[in-house]
Amino acid sequence: MSNLNLELALAQARRLPTTARELGVLYKSGLAPLNDPAGSINALLSMRRWGMVGGAIRIAASRHPDVIGLVDEIGELTFADLDRRSNSLARAWKQRGLDDKSVIAVLCRDHRGLVESMFAAGKLGAKLLLMNTGFAKPQFAAVAEREGVDILVYDIEFAGILEDIPDSIPRYLAWVDDDDNPYETLEQLITSAPGDELPRPETIGGLVLLTSGTTGTPKGAPRQVSSPFAAAQFLDRIPLRPEQRTFMAAPLFHGTGLSQFMLTISLGSTSVLRRRFDPLKTLEAMAKYKVEGLVVVPTMLQRILNLGDDVIKQYDLSALRIVFCAGSALPTEVGTHAMELWGDVIYNLYGSTEVAVATVATPEDWKKAPGTVGRSPVGCKVTLYDEKNKPITEPNTIGRVFVGSGLRFSGYTGGGTKDELDGLLSSGDVGHFDEDGLLFIDGRDDDMIVSGGENVFPAEVEDLLIEQPAIADAAVIGVPDEDFGQRLKAFVVLRDGQSISADEVKDLIKTNLARHKVPREVEFVDDLPRNATGKLLRKQLS
């Protein structure tokens, strides 16, 4: 046996215990049930043959054909409907020359058109590029050119963003407001082609997620998930089960919404979608459909809670078991308030577009250590490193976060990657473990403020401010200072009808934190700049 073959064999042997755990997780969740071995094998083969996107809808349509798979503003579709309609769309695109070498860009809000485009791309084996609905025109054009887009699928409201795209690139409308449209709609394509099963593509279709794009042109982070065990990284610590109902508030173009949507589809569960997030309408839909899961970015959960307990309690949310939060830091006060209202429901995931899953905090973790992002699930690993690139083993010691995950990306589409140590990928954050091994994220590595020689991470101060009943949102940045290098400045958003003075804000921080963490300035604003996934755009504050 050659040295290379020996190394591969040893690597596979070392992974056997992890694979066994992953398989156990899939059985427990119902994704690979013991009472249906043939179905489980077929499901695993579908993932290997069709990839994550194409395989998920095939599994669901085979196991749960008559279950409602999707609810949007237009109505309901069963899994059989979604499978048939995406077959028709894929055939129509194939007739127009698309294949497994094509790149399909989608700029849509959350509705059936986006979902059917995803499934059709997977069935063709094409690359799916999920565009951010918050893009400006130059960003969109730059990304489309870099990624070599062959066709565009978009909602009519975004027509102006496409103005810099060459007319030679075909485009199709996913959502229209009237019949006066210059391009073919997805519905016209679907009705033009038969919905029978397609032949397996020569290659598995991948997808490209885009980084948050808080500055400059967003980078492309490709994904090509064919491992049938990948779902275990979520299901290990999040009790999703078959044939449940989940409200997808987080946008599907982002990893948070996309990952949970694909799991929901694979489990044969119903996804409830709305094109625009509205906290009150979210509660209405959750009560109407008796949803058991809510997928949000933290600012969405915060906006729901800002409605007030009296309003929230008007809706019957007794079925709710899971509030899945990811995409940005979950403020301690927000997570704790949600648990007080709805019980043990908070599942706080930490990861990134590049590293995918790092850790998940369960409700038990949160009650034990509010603010934690929990522990790594099966198949994942987190290690902290100091400034000399040495692993940190002591608790309560801040270090740079590096992650190992089977779902990690392989490098940006435009070239380059994240820093890597010992086979682990940098998340770009700093954090610490407590004495029980629970991870806390202290902030972005590049958000650290050095004031008078003291290090300050904004998240600690922001978290404290949000706990104040009069404050709805807060941000802290560093601004230049001749004497201290940097000084802290706080931006505060008040709740409706509430008031607090700048001196009271400073006193609050002075009472609870070290003096060097007290901002010299406090500015009251109507809102804070955030992107579509709730991440704070600090560079827009000054």
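Some points to look at:
- Sequence-distant residues sharing a close amide H with GLY443 (under 5 Å, placed H): VAL430
- Rolling a 1.4 angstrom probe over the protein heavy atoms with all chains in place gives region 120-249 an accessible area of 42 Å² per residue.
- Amide H contacts under 5 Å for PHE524, placed H, 5+ residues apart: VAL492
- Proximal lysines to LYS510, defined as alpha-carbon separation beneath 19 angstrom and excluding residues fewer than eight positions away on the same chain: LYS489
- Accessible area expressed per residue, region 394-516, with surrounding protein chains retained (probe 1.4 Å, Å²): 47 Å²
- Close Lys-Lys pairs in region 82-141, where close means Cα under 20 Å and separation is 8 or more or interchain: 4
- Computed over protein heavy atoms with a 1.4 Å probe, the carbon and sulfur contribution to the accessible area of region 44-191 reaches 46%.
- Extension gain for ASP309-THR211 works out to 31.8 nm (0.36 nm per residue, less the C-alpha to C-alpha distance).
- Overall, the chain carries a charge dipole of about 1700 debye about its Cα centre when +1 sits on the Cβ of Lys and Arg and -1 on the Cβ of Asp and Glu, all other atoms neutral.
- Once the Cα atoms are used to define both axes, helix 3-29 deviates from the longest principal axis of the chain by about 90 degrees.
- Helix 137-147 and the longest principal axis of the C-alpha atoms of the chain enclose an angle of approximately 50°.
- Cross-link reach is defined here as a Cα-Cα straight distance under 24 Å, omitting same-chain residues fewer than 8 places apart; for LYS388 the lysines meeting it are LYS418.
- Computed 3J(HN,Hα) for region 244-250, one whole-Hz value per residue from the Karplus formula 6.51 cos²θ - 1.76 cosθ + 1.60 where θ = phi - 60°, is 9, 10, 10, 8, 8, 7, 5, glycine and proline marked x.
- Full extension of the chain between ASP434 and ARG146 yields a length gain of 99.4 nm, computed as 0.36 nm times the residue separation minus the alpha carbon distance.
- Against the chain, whose longest principal axis is taken from its Cα atoms, helix 112-124 shows a tilt of about 60°.
- Across the accessible surface of region 466-542, with the other protein chains kept in place and a 1.4 Å probe, carbon and sulfur atoms take up 42 percent.
- Carbon + sulfur, % of accessible area of region 404-445 - ligands and nucleic acids excluded, 1.4 Å: 41 percent
- Residues of type lysines that LYS281 reaches as a straight line, Cα spacing below 16 Å, ignoring anything fewer than 8 places off in the same chain: LYS290, LYS313
The values are calculated or read from the model by the stated rules, or taken from the named source; none is laboratory data. Just so we're clear, the structure is a prediction, and the values are computed from it rather than from any experiment. Counting neighbours? That spans all protein chains shown, and the Cβs are built from the backbone with ideal geometry, glycine included. Surface areas here come from the heavy atoms of the whole protein model, side chains and all, with no ligands, DNA or RNA. Shrake-Rupley method; radii C 1.70, N 1.55, O 1.52, S 1.80 Å.
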